[in-house]
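> One structure coming up, written as C-alpha cells, with questions to follow.
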C-alpha cells in the first residue's frame, strides 16, 4: 500500500535530494492533510499531473511519485527517460505534480474510518470501499462541468447524499480538495493537465464543445506509447470530473487516464507493470504540453 505518511516521507526526501525539485502544498484536505505538490524543472511552460482523487486509487500516487523521481534522476544524470533528454525538457517546462488529491480518502480506505477524525461516522463500516473524501463527497464529481445535470443523474440513480462514491456534493467545488485544485489551475496557466485513476487501461480525452482539436492527436500518441485505448466515459462518469472542468473552463487539453486492470484497489504488485505502460504515456504528455501555448 501507499498511504499519506509514505508519500509525505518520499516527497520530502525527493525535494531534499534533488535541486530541480521543490515541495509545496496545493491546499489542505478536510482533515488538515497537505495536498503535497512537487514542482520539477525551470521552464516557462507549466504542465499538471494529479492522482489519487479517489481513496481506493492510492496506487496512482505511488506511480506519480516514481515518475517524479525518474525525472529528477534524468535531470541530474543528463540521461534520457524513454528516449527523451530530460534536461532540455525541464528547461522548457515546469512539471507540477499532485500525487494525492484526496489524502483523507486514501487514509480511510487503507486505515479505516478513524483516519477521518471528527468525520469518522460518515465512513463507519464502509472504509473498505471508500472513494470519497472524509465528508462523503466524490471529488471527481465535484467540479463545475455539467454538475447540475450530474446531480439529477445521481438522484435518479438513488445517490442523494454522502457516501463511498459518486455523490457530487452540495455545489461545485464545495470541498477544500477540489476547490484547491481548481484555484491552482486558475492561478497557473497549465497548457495541459492529466488526472490518473484506476482501472481500465483507457484514455479519456474529450468533453463537450470546448475540447481542443489537438486533444485527439495527443491522445493517439498516448495510446500508441502505452497500449491503452482511447475512450469516452458514459453515464455518471461523463460529467463533473476534473478533466471535464479543465477542458470546459480553459479550452485546453486535459486527460483522464485509467491505469491498470482489475478491481479497485489494485494490488501494489501491479505497480511495475502500470509504470511500464504509463511512463512513456506521461512523457508524451509532457512533450505535447511543451509545444502548446496558452
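The values are calculated or read from the model by the stated rules, or taken from the named source; none is laboratory data. Please read all numbers here as calculations on a predicted model, not as lab measurements. Note that we place each Cβ from the backbone using ideal geometry, even for glycine, and neighbour counts take in every protein chain shown.
> Taking residue 162 as meeting all but one of (1) surrounded by fewer than 21 Cβ atoms within 10 Å (Cβ to Cβ); (2) in a loop (DSSP other than H, G, I, E, B); (3) in contact (Cβ under 8 Å) with a residue 60 or more places away in the chain; (4) touching a helix residue (DSSP H, G or I) at 6+ places or on another chain (Cβ under 8 Å), write down the number of the exception.
(3)
> What pairs can you find where one residue is in the stretch 35-58 and on the phi > 0 side of the Ramachandran plot, the other is surrounded by fewer than 24 Cβ atoms within 10 Å (Cβ to Cβ) and not in a loop (DSSP other than H, G, I, E, B), and their Cβ atoms are less than 7 Å apart, with a gap of 6+ or different chains?
Note: pairs meeting the criteria are 41/90; 41/93; 41/94.
> May I ask you to list the residues in the stretch 125-144 that are farther than 16 Å from residue 30 by Cβ and surrounded by fewer than 23 Cβ atoms within 10 Å (Cβ to Cβ)?
125, 126, 128, 129, 144 - these are the residues of the stretch 125-144 that are farther than 16 Å from residue 30 by Cβ and surrounded by fewer than 23 Cβ atoms within 10 Å (Cβ to Cβ).
> What number goes with the only condition from (1) crowded, with 18+ Cβ neighbours inside 10 Å; (2) under 30 Å from residue 156 (Cα atoms); (3) under 18 Å from the mean Cα position of the chain (by Cα) that residue 211 does not pass?
Of everything listed in (1) crowded, with 18+ Cβ neighbours inside 10 Å; (2) under 30 Å from residue 156 (Cα atoms); (3) under 18 Å from the mean Cα position of the chain (by Cα), residue 211 misses just condition (3).
> Is it fair to say residue 280 is part of a loop (DSSP other than H, G, I, E, B) and either in contact with a strand residue (DSSP E or B) (Cβ under 8 Å, 6 or more places away or on another chain) or at pLDDT 95 or above (or both)?
When the stated conditions are applied, residue 280 does not pass them.
> Looking at residue 35, is it part of a helix (DSSP H, G or I), at pLDDT 95 or above and in contact with a helix residue (DSSP H, G or I) (Cβ under 9 Å, 6 or more places away or on another chain)?
Numbers: part of a helix (DSSP H, G or I): no; at pLDDT 95 or above: yes; in contact with a helix residue (DSSP H, G or I) (Cβ under 9 Å, 6 or more places away or on another chain): yes.
The answer is no for residue 35.
> If we keep just the residues of the stretch 7-18 that are touching a residue at least 12 places away in the same chain (Cβ under 8 Å) and in a helix (DSSP H, G or I), which is farthest from the chain's Cα centre (by Cα)?
Of everything passing the filter in the stretch 7-18, 17 is farthest from the chain's Cα centre (by Cα).
> Then there's this: Hey, could you check the stretch 240-274 for residues that are buried (at least 18 other Cβ atoms within 10 Å of the Cβ) and out of contact with any strand residue (DSSP E or B) (no Cβ under 9 Å at 6 or more places or on another chain) and say which is nearest to residue 216 (Cα to Cα)?
Looking at residues that are buried (at least 18 other Cβ atoms within 10 Å of the Cβ) and out of contact with any strand residue (DSSP E or B) (no Cβ under 9 Å at 6 or more places or on another chain), I get 248.
> Separate question: When the stretch 185-206 is examined, which residues are found to be part of a helix (DSSP H, G or I) and crowded, with 19+ Cβ neighbours inside 10 Å?
185
> Taking helices (runs of 4 or more DSSP H) that fall entirely within the stretch 46-118, which contain at least 1 residues that are surrounded by 24 or more Cβ atoms within 10 Å (Cβ to Cβ) and at pLDDT below 95?
none
> Next question, about the same structure. When you scan the stretch 19-34, do you find a residue that is under 29 Å from residue 292 (Cα atoms) and out of contact with any strand residue (DSSP E or B) (no Cβ under 8 Å at 6 or more places or on another chain), even just one?
Checked the stretch 19-34: at least one residue is under 29 Å from residue 292 (Cα atoms) and out of contact with any strand residue (DSSP E or B) (no Cβ under 8 Å at 6 or more places or on another chain).
> Tell me yes or no: at least one residue of the stretch 176-183 is under 21 Å from the mean Cα position of the chain (by Cα), outside any helix (DSSP H, G or I) and within 30 Å of residue 5 (Cα to Cα).
Looking through the stretch 176-183, none of the residues is under 21 Å from the mean Cα position of the chain (by Cα), outside any helix (DSSP H, G or I) and within 30 Å of residue 5 (Cα to Cα).
> On the given criteria, is residue 216 within 17 Å of residue 284 (Cβ to Cβ) and free of Cβ contacts under 8 Å to residues at least 24 places away in the same chain?
yes
> Sticking with this one: Looking at (1) surrounded by fewer than 19 Cβ atoms within 10 Å (Cβ to Cβ); (2) touching a strand residue (DSSP E or B) at 6+ places or on another chain (Cβ under 9 Å), find the lone condition where residue 228 falls short.
Exception for residue 228: condition (1).
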